[in-house]
Amino acid sequence: MDEARGLDQSGTLERGLAVLEHVGQHQEISTNAIARQLGLSRSAAYRIVGTLKRMEYLEADGVTGRVRLGTRLVELGTRAMAATDLHRCAPRYLSALAERSGETTYLAVPDNDAMVYVATERSAGAVILAGRLGTRRPQHSTSLGKAWLAALPEPDRAERVRRMKLDSLTLKTINDPVRLLDDLARTSRRGWAIDDVENEPDVGCVAAAVRDHSGRPIAAISVAGPAPRVLRRADELGPTVAGTAAALSLRLGYVRSR
């Protein structure tokens, strides 16, 4: 009980998480019961529950008014499971792609307007590149980011590009939203993206998006290396990367409709 009374003095995030966990344990519960059982004031409990309902983390029964976990939590749970599967399954696909391409391969996931490297494999003959695990790179200037953006529904893609800050990182970075959307449309039709020395001097990459069971792009994989070597083989490496991304997507449960 002392711990419950102390919760009323905790931060908003801690109290919100405690409410979610409590609702999950009880399946359906009234807001008054939440306040009483967690030692929250009624005003705090109603305020937290109201916020969680607006954000669809909780939903209320239309008759009893009791709350239960909402659809947003189901969606987040599905994403978490997909991410777990992604990290477990991806290494062997990256390793096979590195061996086949003779270059360095990366797996990256989106984070706001950037892509974050979460896995990498390098062939014996690959040149060591600057990208390390945890490195963030802009979406608009990388093949990884452009592959992920191109896999989004077109209205979502256009909205994201319109609000992005398109900094120039090299002389070849696409910093105009109209040109970038044109490039993404070509990428979508082709099935793989090109970084033509747009993010780092002397580095070229090709990439393709990885989808989860629902078809939503959740990551991208790339082949990267010295620009002359990679870009000269783009027509060969692009379909190879796309095939690897498709195989990984299939492993995650995505079946493309015909």
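Pull up segment 216-228, narrow it to residues that are surrounded by 15 or more Cβ atoms within 10 Å (Cβ to Cβ) and over 15 Å from residue 108 (Cβ atoms), then point me to the one that is nearest to the chain's Cα centre (by Cα).
The extreme case among them is 216.
Go through segment 148-159 and count every residue that is open to solvent by 30 Å² or more (accessible area, probe 1.4 Å) and assigned to a helix (DSSP H, G or I).
4
Is there any pair with a first residue in segment 101-124 that is on the phi > 0 side of the Ramachandran plot and a second that is at pLDDT below 85 and not in a strand (DSSP E or B) whose Cβ atoms are under 9 Å apart and which are 6 or more apart or on different chains, and what are they?
Close Cβ pairs (under 9 Å, with a partner that is at pLDDT below 85 and not in a strand (DSSP E or B)) amount to 102/123; 102/124; 102/125; 102/126.
So is residue 96 modelled with pLDDT of 90 or more, surrounded by 17 or more Cβ atoms within 10 Å (Cβ to Cβ) and among the aliphatic types (A, V, I, L, M) or not?
no
Hey, can you tell me all the residues within segment 95-112 that are closer than 11 Å to residue 222 by Cα and assigned to a helix (DSSP H, G or I)?
Of everything in segment 95-112, those that are closer than 11 Å to residue 222 by Cα and assigned to a helix (DSSP H, G or I) turn out to be 97, 98, 101.
Out of 43, 101, I need the residue that is buried (at least 20 other Cβ atoms within 10 Å of the Cβ) and among the polar types (S, T, N, Q). Which one?
Exactly one residue qualifies, and that residue is 101.
Looking at segment 117-145 only, could you name the residues that are open to solvent by less than 30 Å² (accessible area, probe 1.4 Å) and modelled with pLDDT of 90 or more?
Answer for segment 117-145, where residues must be open to solvent by less than 30 Å² (accessible area, probe 1.4 Å) and modelled with pLDDT of 90 or more: 139, 140, 141, 142, 143, 144, 145.
May I ask you to verify whether residue 162 is open to solvent by less than 50 Å² (accessible area, probe 1.4 Å), over 19 Å from residue 223 (Cβ atoms) and either out of contact with any Asp or Glu (no Cβ under 9 Å at 6 or more places or on another chain) or not in a loop (DSSP other than H, G, I, E, B) (or both)?
Against the criterion (open to solvent by less than 50 Å² (accessible area, probe 1.4 Å), over 19 Å from residue 223 (Cβ atoms) and either out of contact with any Asp or Glu (no Cβ under 9 Å at 6 or more places or on another chain) or not in a loop (DSSP other than H, G, I, E, B) (or both)), residue 162 does not qualify.
Would a scan of segment 248-257 turn up a residue that is part of a helix (DSSP H, G or I) and open to solvent by 40 Å² or more (accessible area, probe 1.4 Å)?
Within segment 248-257, one or more residues are part of a helix (DSSP H, G or I) and open to solvent by 40 Å² or more (accessible area, probe 1.4 Å).
The values are calculated or read from the model by the stated rules, or taken from the named source; none is laboratory data. In this text the structure is predicted, and so the values were computed from the model without any measurement. Every residue, glycine as well, gets a Cβ built from its backbone with ideal geometry; the counts of neighbours run over all protein chains shown. Accessible surface areas use protein heavy atoms only, side chains included; no ligands, DNA or RNA. Shrake-Rupley method; radii C 1.70, N 1.55, O 1.52, S 1.80 Å.
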